[in-house]
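> The following block contains the structure, expressed as structure tokens.
Each reported figure results from applying straightforward, stated rules to the coordinates on display, with no laboratory input. Small disclaimer: the values here were computed from a predicted structure and weren't measured. All Cβ positions, even for glycine, are placed from backbone atoms using ideal geometry, and neighbour counts span all protein chains on display.
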């Protein structure tokens, strides 16, 4: 290899070196940018987790409190509702747990009696109303909401609980019931009687 060829080869190597330096600088810049993006992503993830936690806590308060209060207003030894947020299949799901005397149950309401289910269902309806924003007065229509709540003072307690909720939340509740004890707490009673000729008679009674 003569001198000219050596010079040519050196120029080629210098050119290759410059190209490698540029690639290195570009890679360093890209790595720095990726680092910024990763940091921002991690920060965003922490913010999302914090917002999700606050949302879950708010959801639990909206649902747990009215259901537990409804139970306590009717039953002497009530169950309390506890919501548990569980990750399943990459999603957050909510499990209903019922707690009494330190014991936790999944489906005890259904195995122990319909009265519990009735009261829990009413509490859940009130919880749902808590998520809704209305400027007008709310009207809630209930058809036999506590028909399985039987025995002793339970029917009357259930009716008084519904009345107290209506007054506390400022809502009007129109409730249909065939149980005489559940007229307790009503501001107005409307008796509907089916006659033998299949017509109805209506009589209003002021409490």
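> Given the alpha-carbon gyration tensor of the chain, what are the semi-axes of its equivalent ellipsoid in whole angstrom, ordered largest first, with each equal to the square root of 5 times an eigenvalue? Walk me through the numbers before you get to the answer.
Numbers: eigenvalues 1031, 77, 41 Å².
Sorted largest first and rounded, they come to 72, 20, 14 Å.
> Then there's this: Under a point spin-label approximation (7 Å from Cα along Cα-to-Cβ), what is the residue 8-residue 99 distance to one decimal in nm?
8.5 nm
> Over the chain, calculate the relative contact order: mean separation of alpha carbon pairs under 8 Å at least 6 apart, over the residue count, as a percent. List each step's numbers first, then the result.
Details: 206 pairs, mean separation 26.7, N = 207.
Normalised by residue count, the contact order of the chain is 13 percent.
> Mind pulling the angle between the C-alpha long axis of helix 114-130 and the longest principal axis of the chain? Nearest 10 degrees, somewhere in 0 to 90.
Once rounded, the angle reads 60 degrees.
> For the Cα atoms of the chain, what angle does the longest principal axis make with the long axis of helix 3-74, in degrees from 0 to 90, nearest 10?
10 degrees
> With a ≥ b ≥ c taken as the square roots of the eigenvalues of the C-alpha gyration tensor of region 47-147, please select rounded if a/c is under 1.5 and otherwise prolate if a/b is larger than b/c or oblate if it is not? Could you put the intermediate results ahead of the total?
On the way: a/c = 2.11, a/b = 1.17, b/c = 1.81.
It comes out oblate by the Cα gyration axes.
> In degrees between 0 and 90, to the nearest 10, how far off the longest principal axis of the chain does helix 154-169 point, with axes built from Cα atoms?
60 degrees
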